[in-house]
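Only one structure is covered here, and it is reproduced in the block below.
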Amino acid sequence: MNLSLVAYDDSDSDTETGKAEHPSLPIRETRPAGSAMNPIHYFVSGGLDTKSTSTMQTVENTANTGTSPVHEGSPACKVQANNRDVVTSYPWKEHSSQSVLYMSCKSHDQALGSLMKSEILSGNGSCSQKRLYQDTSVTIKGIRPYIPKRLRQEKPSEVCEEKESEEHRESCATKPDMPGEQISTKVSDFIKPYLGSKYKSTEIPRKLVFQMSKHSGPINKVQWCPVQGWSHMLLSASMDKTFKIWNAVDTGCCLKTYTCHGGAVRTAQWSLCGRRILSGGFDSMLHLTDVETGTQVFSSKNEFRISALTFHLTDPNVFICGGFSPEVKAWDIRNCKVIKVYKAAVQQTLDVLFLPEGKEFLTSTDAVSRDSADRTIIAWDFHSAAKISNQIFHERYTCPSLTLHPRESAFVAQTNGNYMALFSTQRPYRINKKKRYEGHKVEGFAVGCEFSPDGTLLVTGSSEGKIFFYNYHTARIIHAFSAHNQACVNATFHPVLPSLLATCDWSGDIKTWQ
């Protein structure tokens, strides 16, 4: 049975300096007459388990060196009264001139309480003073300090297990957003000189600026932000169920990825304010997404897969949706309802184009009869939902895309006959038979086409991966070069920077040229 001696605050110094015997370890040496012995109490943890037995030691103080020799086999921690440093003694060696008294405590709590309340005698042994408790954390290598429950509740953030690795602590901390995932509304230094000035003439871009390859599927469309100050941002819609925003002017990095769709994103378009993106895809979902937060301002389940979307030219709260259905719908974002339905005897709407002033719009469909292309391009009255004309294009080719001339009353239809046809935007929307932009191959791909901002050039991709530039007035090919290894399905000019072109292909690559 172990003998327990505990030092109390009101204990006498004479009583503490008396001899004590341990049943298993006799005192080796008797203290000479006249020599002073300072009893110093040590708290030694027996292990990491809170129920393990702890040891109290009383060690003779050495007046010359100020150190306390420790008996062999006892893991002792030295407490100095002068500077209150705590040191772990390794290895443990036997010393002859010392008196050691082992004292067992029931738990860590009693041992820690005894350590805080024990009397620490000064170096000369003439006077004594109590060691005041200070709430300071001292780390001892190899020993996990005990922290009372009250302190754990008051300071939970300061309690940290030694078993916890540095990597785990870093993963628990709040990580800042990556620089590549922030939407910057700062005006690009390349765009600033061109803001407020008239667009200069467009030249043929020949030099590759950036190549961006973050998409894992074919890209259906790319579009620059319509707000000139934010036109460094490029939108891309892909078959990998995502649409992304890129800084395609300054860095060529991906700014944000949106994963709100459960199927391929067939089309996406910027809002007129540049703060929202309207998207639709093969999951039959319509989403209006806030660019900065990524939250859905408007969402609706459609009855058909979506292949064409466009905002109204004058009303930013209204858009038209078409797809794998004989119906085309006009939606109002404010009440999330369909306000108009346009019905035609077709199976699919390929593209939608508003004519100037927004009173009329065109739809290209997949309807082709034996002797004429009846209903291939249909003109609609927006307000009355009446069909104005369905006898616009009479050749037996479908038109996957439509584009409007920026300055003249004309629009162009990309056809699967490997040419582009020119039409008038005035009724009865006659075709210009004298001009035909041909020389590139489409071969069933939904290849887009677009005019340059000054209206002098017409650019289109091709199924061969080439980019073709046509003179709008002469319909001749000015230049063509191989831009992609697979089919180039879209090409678009920057609205501010002259001669900056963005292209995308069926392999998931986006490139900018100048």
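The values are calculated or read from the model by the stated rules, or taken from the named source; none is laboratory data. Predicted, not measured: the structure shown is a model, and the values here were computed from it. Every residue, glycine as well, gets a Cβ built from its backbone with ideal geometry; the counts of neighbours run over all protein chains shown.
Name the residue, out of 463, 499, that is surrounded by fewer than 19 Cβ atoms within 10 Å (Cβ to Cβ), in a loop (DSSP other than H, G, I, E, B) and in contact with a Gly (Cβ under 9 Å, 6 or more places away or on another chain). Step through it out loud before you land on a result.
On the way: 499 fails: in contact with a Gly (Cβ under 9 Å, 6 or more places away or on another chain).
Of 463, 499, the one residue that is surrounded by fewer than 19 Cβ atoms within 10 Å (Cβ to Cβ), in a loop (DSSP other than H, G, I, E, B) and in contact with a Gly (Cβ under 9 Å, 6 or more places away or on another chain) is 463.
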Which listed residue is farther than 23 Å from residue 322 by Cα and either surrounded by 15 or more Cβ atoms within 10 Å (Cβ to Cβ) or polar (S, T, N, Q) (or both), from 430, 396, 436: 436
Residue within segment 478-488 that is under 37 Å from the mean Cα position of the chain (by Cα), crowded, with 17+ Cβ neighbours inside 10 Å, assigned by TED's automatic domain parsing to the domain that holds residue 402 and in contact (Cβ under 8 Å) with a residue 40 or more places away in the chain present: yes
Strands (runs of 3 or more DSSP E) contained entirely in segment 339-392, each with at least 2 residues that are modelled with pLDDT of 90 or more and closer than 24 Å to residue 490 by Cβ: 349-354, 360-365, 377-381
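Considering only residues of segment 316-329 that are among the aliphatic types (A, V, I, L, M) and crowded, with 20+ Cβ neighbours inside 10 Å, which is farthest from residue 299 (Cα to Cα)?
Once the filter is applied, the top-ranked residue is 328.
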Test: residue in segment 266-286 that is under 27 Å from residue 506 (Cα atoms), surrounded by fewer than 22 Cβ atoms within 10 Å (Cβ to Cβ) and acidic (Asp, Glu): yes
Criterion: surrounded by fewer than 23 Cβ atoms within 10 Å (Cβ to Cβ), in contact with a strand residue (DSSP E or B) (Cβ under 8 Å, 6 or more places away or on another chain) and among the small types (Gly, Ala, Ser) - qualifying residue of 455, 508: 508
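If you take the residues of segment 466-487 that are of a type in the set (Ser, Thr, Tyr) and part of a strand (DSSP E or B), which of them is farthest from residue 506 (Cα to Cα)?
So the first thing to find is which residues in segment 466-487 are of a type in the set (Ser, Thr, Tyr), and the list is 470, 472, 474, 482.
Filter once more, so that each one left must be part of a strand (DSSP E or B): 470, 482.
Numbers: 470: 23, 482: 14 Å.
Filtering segment 466-487 for residues that are of a type in the set (Ser, Thr, Tyr) and part of a strand (DSSP E or B), the one farthest from residue 506 (Cα to Cα) comes out as 470.
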Pairs, first at pLDDT below 85 in segment 182-193, second exposed (fewer than 14 other Cβ atoms within 10 Å of the Cβ) and part of a loop (DSSP other than H, G, I, E, B), C-beta under 6 Å, six or more apart: 183/292
Boolean, residue 491 is farther than 23 Å from residue 245 by Cα and surrounded by 18 or more Cβ atoms within 10 Å (Cβ to Cβ): no
Single condition residue 307 does not satisfy, out of (1) assigned to a loop (DSSP other than H, G, I, E, B); (2) crowded, with 21+ Cβ neighbours inside 10 Å; (3) of a type outside the set (Lys, Arg): (1)
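Residues that are of a type in the set (D, E, K, R): list the strands (runs of 3 or more DSSP E) wholly contained in segment 184-299 that include at least 1 such residues. Working first, answer last.
Numbers: elements: 208-212, 219-224, 233-238, 243-247, 253-258, 265-270, 276-281, 285-290.
Because the criterion is at least 1 residues that are of a type in the set (D, E, K, R), the strands (runs of 3 or more DSSP E) in segment 184-299 that meet it are 219-224, 243-247, 253-258, 265-270, 276-281, 285-290.
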Filter result (within 14 Å of residue 343 (Cα to Cα) and either of a type outside the set (Val, Ile, Thr) or loosely packed, with under 14 Cβ neighbours inside 10 Å (or both)) within segment 373-382: 375, 379, 380, 381, 382
Residue under evaluation residue 335, criteria (1) more than 34 Å from the chain's Cα centre (by Cα); (2) outside any strand (DSSP E or B); (3) at negative phi, criterion not met: (1)
Which numbered condition residue 468 misses (of (1) buried (at least 18 other Cβ atoms within 10 Å of the Cβ); (2) under 39 Å from the mean Cα position of the chain (by Cα); (3) touching a residue at least 40 places away in the same chain (Cβ under 8 Å)): (3)
Filter result for residue 243 (free of Cβ contacts under 8 Å to residues at least 40 places away in the same chain, surrounded by 23 or more Cβ atoms within 10 Å (Cβ to Cβ), more than 29 Å from residue 359 (Cβ to Cβ) and not basic (Lys, Arg)): yes
Residue 278 being aliphatic (A, V, I, L, M), more than 19 Å from residue 324 (Cα to Cα) and assigned by TED's automatic domain parsing to the domain that holds residue 336: no
Those residues of segment 246-265 which are of a type outside the set (Val, Ile, Thr), in contact with a Leu (Cβ under 9 Å, 6 or more places away or on another chain) and either buried (at least 24 other Cβ atoms within 10 Å of the Cβ) or closer than 25 Å to residue 403 by Cβ (or both), in sequence order: 246, 248
